[in-house]
Amino acid sequence: MLCSRSARAALLGGAVLAAALAAYAAAAYALLGQSAPDFALHAVAGDNVRLSEHRGDVVVLSFWGSRCGQCRAQLEALGRAFKTYHSAGLQVFGIDVDDDQTGAVEYARTQSLAFALLLDPHKTVARAYLVDNLPMTLLIDRAGTVRQVHRDFSAKFEPAFVQELRVLLNE
């Protein structure tokens, strides 16, 4: 099928713009390819969590807020991934960044998530991870290196996210 010159130019321009935006999103995150900063946070239920104790596992950090609808949907998706891949070495931690932790505690009590929800009321960990959007999710490989960052959530991207997890789990 032949396209007009203007149609080809528009298609090429759109492709270049999409590639530039993807490169910007990855390049703009300074921790990509770097060692994940260690932290210790209080869990809503259970033991406190220190990231360095999970070296050797693939770790997902999901920064979220109790008033964020997309965050809740993402936590549910991460719960499904955790149940499927935990035995392969996947750890998931939801890190709440609300100023008032009441919403996070209530959410944890009403949900049956199998992974730990952590509290970061002073946003120390959120600052260390340069969180600029909620939800924001990081994938950390078994060596402790930040390999992927996602600054949003949509259910339509869940299969691609699961594929990224599988790649890291198979390394």
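Remarks
- Remark on I95: its backbone amide H falls under 5 Å from those of S62, F63, W64, L118, a criterion applied only to residues 5 or more positions apart or on other chains, H modelled at 1.01 Å from N.
- Percent of Cα pairs exceeding the 24 Å cut-off, where the set is the stretch 61-171: 19 percent
- For D152, the residues whose modelled amide H falls within less than 5 Å of its own, excluding neighbours fewer than 5 places apart on the same chain, are T137.
- Shape of the stretch 50-99, Cα gyration tensor, a/c cut at 1.5: oblate
- To the nearest 10, the accessible area of H150 is 50 Å² with a 1.4 Å probe.
- Interchain or long-range residues, amide H under 5 Å from L113's placed H: none
- Inter-label distance for R151 and S112, nm, one decimal - labels placed 7 Å from Cα along Cα-to-Cβ: 3.7 nm
- Antiparallel DSSP beta bridges within the stretch 46-171, percent to nearest 5: 45 percent
- Selection of trypsin sites (Lys or Arg not before Pro), the stretch 100-132, meeting DSSP coil and at most 16 other Cβ within 10 Å: K123
- For R67, neighbours were defined as the other residues whose beta-carbon sits under 15 Å from its Cβ, and their charges (Lys and Arg +1, Asp and Glu -1) total -4.
- Whole-Hz couplings from phi, Karplus 6.51/-1.76/1.60, listed for the stretch 50-63; x for Gly and Pro: 10, 4, 4, 6, 10, 4, x, 9, 7, 10, 10, 10, 10, 7
- Note, ³J(HN,Hα) from phi for the stretch 82-97, Karplus 6.51, -1.76, 1.60, rounded to Hz, x at Gly and Pro: 4, 4, 6, 10, 4, 5, 8, x, 8, 10, 10, 10, x, 10, 7, 10
- Karplus-derived 3J(HN,Hα) values for the stretch 107-114, using 6.51 cos²θ - 1.76 cosθ + 1.60 with θ = phi - 60°, are 4, 4, 5, 8, 10, 10, 6, 8 Hz; glycine and proline are entered as x.
The values are calculated or read from the model by the stated rules, or taken from the named source; none is laboratory data. Fair warning: this is a prediction, and the values are worked out from it, not measured in the lab. For neighbour counting, all protein chains shown are included, and Cβ atoms are generated from backbone atoms with ideal geometry for every residue, glycine included. Heads up: the accessible areas ignore ligands, DNA and RNA and are worked out on the full protein's heavy atoms, side chains in. Shrake-Rupley method; radii C 1.70, N 1.55, O 1.52, S 1.80 Å.
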